[in-house]
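Asks: One structure coming up, written as structure tokens, with questions to follow.
Values in this text are rule-based calculations from the coordinates and carry no lab data. The model shown is predicted, which means the values in this text are computed figures rather than measured ones. When we count neighbours, we look across all protein chains shown, and the Cβ atoms used for this are built from the backbone with ideal geometry, even at glycine.
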Amino acid sequence: MKKLSFFAFALLAGIAQAGTIEMKVHGLVCGFCAQGIEKTLRRNPATADVVVSLEKKLVAVATRDGQDISDAELTKALIDSGYEVKGITRTQRSLDEIRAGLEQKKK
Amino acid sequence: MNLVRFALAGCVLAGAGTLAQAKPIAFSHGTTIMAEYGAGTMTEAQVFYAPKYFLSLGGGHLQLESDVDHRRREITYVRANYLAKRWNLEDAQANVFVWGGAGQAYVSELHQHQLAGNAGAQVDYETRRIYASLKTELHRADAFSHRIDTLQLGIAPYEHDTNTLATWFVLQGRQVSGGIHEGTEWALLLRLFRRGAWIEAGATGDGKLQAMAMVNF
């Protein structure tokens, strides 16, 4: 029973940690900007998916279950791509929800 | 009026500050392949790899054909590009690039190959709706010295996003010094790009084709 509780806890903790990180980024003006940022972030093994919105000045990263990327790592990745991070927030919105929201705004 | 002074005056009038065009460095760990056909007087191909977002290394081949006489330059070079300064603004980006390199040039009137050097700089400014760049580059060998100044001013009819097609209307002015071309060559271009693929085409004032294609990956 104790073992079962431990596994349930570990599973829930993993799900809780698999979240979305949203970053406000300045200087996003073209598709090449997005391409470079995506390429850099996808090299991180904890990255599951990336969305970049030029309109919202937003870079959103979904992390893999049970994994996280620290603010310092994210800031460094963006600096190494040539951009500046103006804010980092962790949300429970999925990237699909973010994508849907961006599509809705366009319509 | 010389092209550089015209560009600066244009920027002041537009209140835009500075100037952009195809950048010599796209992004970190990115490869850029570019080919340009300039109205039958200038043809260039380049390949660059960027180990860092501020540095790219590669080479190219430039062919200049005189519209004054039959002189021709065929310059093959290696080059390093450096992003000297970037301003990441809330809705805009501005950059200063510099570069330099060396290679070999074929000088048609002498039927000779000579050692050639090159150096250049580009200042650009862009938002999702307006775009301006001024590029100046010098190609020099014992037999010639040509400075190529290129101004581009662009406007987008709508704001593109990451996965949508970007459309730009671009006015380009270009001068080549050293007596190989006369006057400023103006061209109107339609530029389309999406993700890493870029294509532009248009016509010069005397109806000649001006085109460029680029991929970044």
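Asks: In nm², what is the average projected area of the convex hull enclosing the Cα atoms of segment B:59-217?
Replies: Seen from a random direction, the Cα hull of segment B:59-217 projects 9.8 nm² on average.
Asks: Given R₀ = 56 Å, what would the calculated FRET efficiency be for A:ARG90 paired with B:GLN104, taking r from the Cβ atoms and rounding to 0.05?
Replies: On the way: r = 55 Å, r/R0 = 0.99.
Plugging the Cβ-Cβ distance into 1/(1 + (r/R0)^6) gives 0.50.
Asks: Projecting each Cα onto the charge dipole of the protein assembly as shown (Lys/Arg +1, Asp/Glu -1 at the beta carbon, about the Cα centre), which of B:ALA201, B:ALA156, A:VAL50 comes out farthest on the positive side?
Replies: Of B:ALA201, B:ALA156, A:VAL50, it is A:VAL50.
Asks: Within 10 Å, at most 16 other Cβ atoms, and a DSSP state outside H, G, I, E, B define an exposed site. Report the longest part of chain B free of exposed GluC sites (Glu not before Pro).
Replies: Longest gap between qualifying sites, sites excluded: B:1-89.
Asks: With a Förster radius of 25 Å, plug the Cβ-Cβ distance of B:ARG147 and B:VAL78 into 1/(1 + (r/R0)^6) and report the FRET value to the nearest 0.05.
Replies: 0.80
Asks: What value, in deg cm²/dmol to 500, does the helix sum -39500 (n - 2.57) over DSSP H runs of n ≥ 4 give at 222 nm once divided by the residues of chain B?
Replies: Calculated at 222 nm, the ellipticity per residue is -1500 deg cm²/dmol.
Asks: Average projected area of the Cα convex hull of segment B:118-159, in nm²?
Replies: 3.1 nm²
Asks: Take the Cα coordinates of segment B:13-105, assign each an equal point scatterer, and use the Debye formula without solvent to give log10 I(q)/I(0) at q = 0.20, 0.24 Å⁻¹.
Replies: Ignoring solvent entirely, the Cα scatterers give -1.01, -1.18.
Asks: I need the phi-derived Karplus couplings for segment B:131-148: 6.51 cos²θ - 1.76 cosθ + 1.60, θ = phi - 60°, integer Hz, Gly and Pro marked x.
Replies: Coupling constants for segment B:131-148: 7, 8, 8, 10, 10, 10, 9, 10, 10, 9, 9, 4, 8, 7, 8, 10, 9, 10 Hz.
Asks: Near A:LYS76, which aspartates and glutamates are there with a Cα under 17 Å away, not counting those fewer than 8 places off in the same chain?
Replies: Qualifying aspartates and glutamates at Cα under 17 Å: A:GLU22, A:GLU38, A:ASP68, A:GLU84.
Asks: How many lysine pairs does segment B:3-216 hold where the Cα atoms are under 18 Å apart and the two sit 8 or more places apart or on different chains?
Replies: 5
Asks: Just want to confirm a number: the relative contact order over segment B:17-141, from Cα pairs under 8 angstrom separated by 6+ residues, in percent.
Replies: That works out to 22 percent.
Asks: How much length is gained if the chain between B:ILE199 and B:PHE169 is pulled fully straight, taking 0.36 nm per residue apart and subtracting their Cα-Cα distance, in nm to one decimal?
Replies: 9.6 nm
Asks: To the nearest 0.05, how large is the calculated FRET efficiency for A:GLU73 and B:VAL96 if R₀ is 22 Å and r is the Cβ-Cβ distance?
Replies: Efficiency computed from Cβ-Cβ geometry: 0.15.
Asks: Please list, in order along segment B:161-168, the HN-Hα scalar couplings obtained from phi with the Karplus expression 6.51 cos²θ - 1.76 cosθ + 1.60 (θ = phi - 60°), rounded to whole Hz, x for Gly and Pro.
Replies: 10, 3, 10, 10, 6, 8, 10, 9
Asks: Still on this model: To one decimal place, what Kirkwood hydrodynamic radius in Å is obtained for the protein assembly as shown from all pairs of distinct Cα atoms?
Replies: With all distinct Cα pairs of the protein assembly as shown included, I get 21.5 Å.
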